[in-house]
Amino acid sequence: MLKTRNYEFWFIVGSQHLYGKEVLEAVKENTAKIIDELNKTGNLPYPIIFKLVATTADSIYQVMKEVNYNDNVAGVITWMHTFSPAKNWIKGTKLLQKPLLHLATQFLDHIPWQTIDMDYMNLHQSAHGDREYGYINARLKKNNKVVVGHWKDKNVKIQIAKWMDVAVAYNESFNIKVARFGDNMRNVAVTEGDKIEAQIQFGWTVDYYGIGDLVAEMKEVTLQEIEATFAMCKNDYEFIMGDNDPEYFEEQVKEQIRIEIALRKFLQKGGYTAFTTNFEDLWGMKQLPGMAVQRLNAEGYGFAGEGDWKTAALVRLLKIMAHNKKTGFMEDYTYHLVTGHEKILGAHMLEVDPTLASTKIRVEVHPLGIGSREAPARLVFDGSDGNAINVTISDFGDHFKLIMYEVEGKKPTEPAPKLPVARQIWTPKAGFYEGVRKWIENGGGHHTVFSFAVTAEQIEDFAKMIEADLVSIK
């Protein structure tokens, strides 16, 4: 997968001096045990670093400044071990520019009725401190995450881990750069958008390039590079010649490999992590990129067709959350409307993401009835079964809107010998008719990000962090 930073999360504990030095030492010891437990057994995607027991406004202010300026820190986890007067948190929390998780827990998971005394109470005031701290975050409109439960609980660890992935995606969102080869598909509305506003709100940089820039890079690809990648593809995929002459089949596959190598070099030189193509902009190219795009998708690059830069950036964003597992570009294609068996078939001309595959991936070469170019090679496979989400982003002029529903993903069971593309079936959990109707009413587009790895709660967390409108269809 494309690399991200070696991120970490800082853990700050709230307390105060009134309890005395002995209590503060116990707070520090308890905190160290919690962090050690989380790092060792939580299956967390990133490490937690203990920073300090915060007892003054100045110490909180100083550590929040460090958080903002340290690029390796993706966010802050706070715990109100004891009662921490929330006025101390105002200046530092207002300054914080990174995601914040409030862990509402306490050191012991039970009330020891036979031994409980005021010393115990002084060390177990999270129920008291959480309300004070929560009030000031709500007053400051921090849009922070609250996770409630004992720190040894498996579900608490899962929630922290999933939030970490969203927080990292939030940070990486401001590093996403999209290269557009050609413009948007002519006369299509939903793929348009305000690139300046997207950069302001989401951090996405979107740059245009003529397709000739890619063609120039393709001319620099060597035969040795093509042959090396071709050998890898023969090992990784099943080659289906069909009615093609073997020499012609190989030629078409190698043309896609030439495009792939050129695309990767171009993107790496410019620091791009997402890109778009457009079948209406193919000057100087023999084929529309198909297999080339899919193989780059599998590496973690975001992509969308027809110049749809918003979806390309969103694909990259969700791939970061998902660690590039079972997440990629999708398009609503056609309905199955048999009563009691309603479903949606998702596909695209060529470019469905192979991370969604559940079957052996095949390389096939077929004519493409669009773009007026040669028959391109593409990766053909069936999608997967399981719980998934489908997300899109639309520009409404004065704001962006994320639209999402949870779905039941299904692997196609019927062969489609005349449809040589990757396929994924799903049904909205809101119900087919309700889900489709609300999607359309809210202006959801036909280009989406489909993921078996990202949860609806994670999308809700991201929308909250970024202060974006979200319609969650249920």
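The values are calculated or read from the model by the stated rules, or taken from the named source; none is laboratory data. Model, not experiment: these values are computed from the prediction. Counting neighbours? That spans all protein chains shown, and the Cβs are built from the backbone with ideal geometry, glycine included.
Observations
- Options Leu368, Leu379: the member that is buried (at least 17 other Cβ atoms within 10 Å of the Cβ), assigned by TED's automatic domain parsing to the domain that holds Gly242 and either touching a Lys or Arg at 6+ places or on another chain (Cβ under 8 Å) or part of a strand (DSSP E or B) (or both): Leu379
- Listed conditions (1) part of a strand (DSSP E or B); (2) aromatic (Phe, Trp, Tyr); (3) surrounded by fewer than 22 Cβ atoms within 10 Å (Cβ to Cβ) are all met by Phe303, apart from (3).
- When residues in region 120-165 are screened for being out of contact with any helix residue (DSSP H, G or I) (no Cβ under 8 Å at 6 or more places or on another chain), more than 22 Å from Pro85 (Cβ to Cβ) and among the acidic types (Asp, Glu), 1 of them pass.
- For Ala104, the conditions (1) surrounded by fewer than 17 Cβ atoms within 10 Å (Cβ to Cβ); (2) in contact (Cβ under 8 Å) with a residue 40 or more places away in the chain; (3) not acidic (Asp, Glu) all hold with the exception of (1).
- Among the numbered conditions (1) modelled with pLDDT of 95 or more; (2) surrounded by fewer than 24 Cβ atoms within 10 Å (Cβ to Cβ); (3) not in a loop (DSSP other than H, G, I, E, B), the only one that Lys310 does not meet is (2).
- Answer from Thr392, Thr355, Thr359, Thr427 - the residue that is part of a loop (DSSP other than H, G, I, E, B), among the polar types (S, T, N, Q) and either assigned by TED's automatic domain parsing to the domain that holds Ala298 or out of contact with any helix residue (DSSP H, G or I) (no Cβ under 7 Å at 6 or more places or on another chain) (or both): Thr359
- Of all residues in region 199-221 being assigned to a helix (DSSP H, G or I) and aliphatic (A, V, I, L, M), the one that is farthest from the chain's Cα centre (by Cα): Ala216
- Inclusion of Tyr405 among residues that are over 23 Å from Gly242 (Cα atoms), in contact with a Leu (Cβ under 7 Å, 6 or more places away or on another chain) and assigned by TED's automatic domain parsing to the domain that holds Thr427 is not warranted.
- Filter result for the condition that a residue is over 30 Å from Ala198 (Cβ atoms), of a type outside the set (D, E, K, R) and at pLDDT 95 or above, over Ala322, Ala388, Ala377: Ala377
For every residue, the table says whether it meets (1) surrounded by 17 or more Cβ atoms within 10 Å (Cβ to Cβ); (2) not in a helix (DSSP H, G or I).
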residue: Ile35; (1), (2): yes, no
residue: Leu38; (1), (2): yes, no
residue: Tyr46; (1), (2): yes, yes
residue: Val53; (1), (2): yes, yes
residue: Asp58; (1), (2): no, no
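- Filter result for Ala463 (part of a loop (DSSP other than H, G, I, E, B), within 16 Å of the chain's Cα centre (by Cα), surrounded by fewer than 22 Cβ atoms within 10 Å (Cβ to Cβ) and in contact (Cβ under 8 Å) with a residue 60 or more places away in the chain): no
- Each residue in region 218-249 was checked for being within 19 Å of Leu288 (Cβ to Cβ), aliphatic (A, V, I, L, M) and exposed (fewer than 13 other Cβ atoms within 10 Å of the Cβ), and 0 of them qualify.
- Strands (runs of 3 or more DSSP E) enclosed by region 73-184 - at least 1 residues per element that are in the same structural domain as Thr276 (by TED's automatic domain parsing) and under 30 Å from Met218 (Cα atoms): 177-181
- Residue match in region 185-192 (condition: more than 30 Å from Asn68 (Cα to Cα) and more than 26 Å from the chain's Cα centre (by Cα)): yes
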